[in-house]
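Single-structure report; data block below.
The values are calculated or read from the model by the stated rules, or taken from the named source; none is laboratory data. Quantities reported herein were computed from a predicted structural model and do not represent experimental measurements. Note that we place each Cβ from the backbone using ideal geometry, even for glycine, and neighbour counts take in every protein chain shown.
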Number of protein chains: 2
Amino acid sequence: MKNRIKVERAEKDLSQADLAGQIGVSRQTINSIETGRYVPSTILALKLAQVFEKTVNEIFQLEETD
Amino acid sequence: MKNRIKVERAEKDLSQADLAGQIGVSRQTINSIETGRYVPSTILALKLAQVFEKTVNEIFQLEETD
DNA sequence: ACCAAATGTAAAATATACTTTACATATTGT
DNA sequence: ACAATATGTAAAGTATATTTTACATTTGGT
């Protein structure tokens, strides 16, 4: 699964720590999702989408391997 | 988190087992998500949305308690 | 009423998300 | 170059998702 978190963060000028704080997870959780080390829960994806004012589908996309 | 899986299934006339088969998870996984017993991964949410031809946000919505 | 299919759950096992702590590297401003 | 901030990652621990097996209940058709 691909994601656009890094880009969305840049557009809102948010650090990983900022974003983590807004959503209520650890900074490492954001980093791990952003770098594809693990797949977030749907609740987390919805919260990220909410912060970025986008849909989940705009931020996360399936790949063949999924 | 709320979800509209039951309704979307009805509209496509799919049983829980049918849906599970299309996505590649167990029937109990679908049942558990549908009845709110647990929160799916974003990959699973994207696959469900794909089957229903809707966005993840149309199928899953955050609640205050999330 | 009977039968088949669909649904709701539960328990045990396994996989994976997420936290905390900690450290190393990279980036940016002065 | 220096200091501060941001990022990448790792290991150990905890919480939660998902599978498999299994059974009880419900629903729909005849």
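Could we say that residue B:19 is crowded, with 18+ Cβ neighbours inside 10 Å, away from chain A (no Cβ under 13 Å) and assigned to a helix (DSSP H, G or I) here? Answer is yes for this residue. Against the list (1) within 14 Å of chain B (Cβ to nearest Cβ); (2) assigned to a helix (DSSP H, G or I), the condition residue A:63 fails is (2). Of the residues making up region A:40-60, just one is surrounded by 20 or more Cβ atoms within 10 Å (Cβ to Cβ) and in a loop (DSSP other than H, G, I, E, B), namely A:40. All conditions but one from (1) more than 9 Å from every other protein chain (Cβ to nearest Cβ); (2) among the aromatic types (Phe, Trp, Tyr); (3) touching a strand residue (DSSP E or B) at 6+ places or on another chain (Cβ under 8 Å) apply to residue B:52; the one that does not is (3).
Each residue in region A:55-66 was checked for being touching a Leu at 6+ places or on another chain (Cβ under 9 Å) and at pLDDT 95 or above, and 6 of them qualify. Pairs are defined by a Cβ separation below 6 Å, a sequence spacing of at least 6 or placement on different chains, a first member in region A:26-49 that is at the interface with another protein chain (Cβ under 7 Å from one of its Cβ atoms) and without any contact (Cβ under 8 Å) to a residue 40 or more places away in the chain, and a second member that is near DNA strand D (Cβ under 7 Å from one of its atoms) and of a type outside the set (A, V, I, L, M); the pairs so defined are A:39/B:41; A:42/B:40. Of all the numbered requirements in (1) free of Cβ contacts under 8 Å to residues at least 24 places away in the same chain; (2) closer than 20 Å to residue A:2 by Cα, residue B:23 misses one, and that requirement is (1).
Being more than 18 Å from residue A:39 (Cα to Cα) and under 11 Å from the mean Cα position of the chain (by Cα) is the requirement here; does residue B:59 meet it? Spelling it out, residue B:59 is indeed more than 18 Å from residue A:39 (Cα to Cα) and under 11 Å from the mean Cα position of the chain (by Cα).
Of all the criteria given as (1) surrounded by 15 or more Cβ atoms within 10 Å (Cβ to Cβ); (2) part of a helix (DSSP H, G or I); (3) hydrophobic (A, V, I, L, M, F, W, C), the one not satisfied by residue B:7 is (1).
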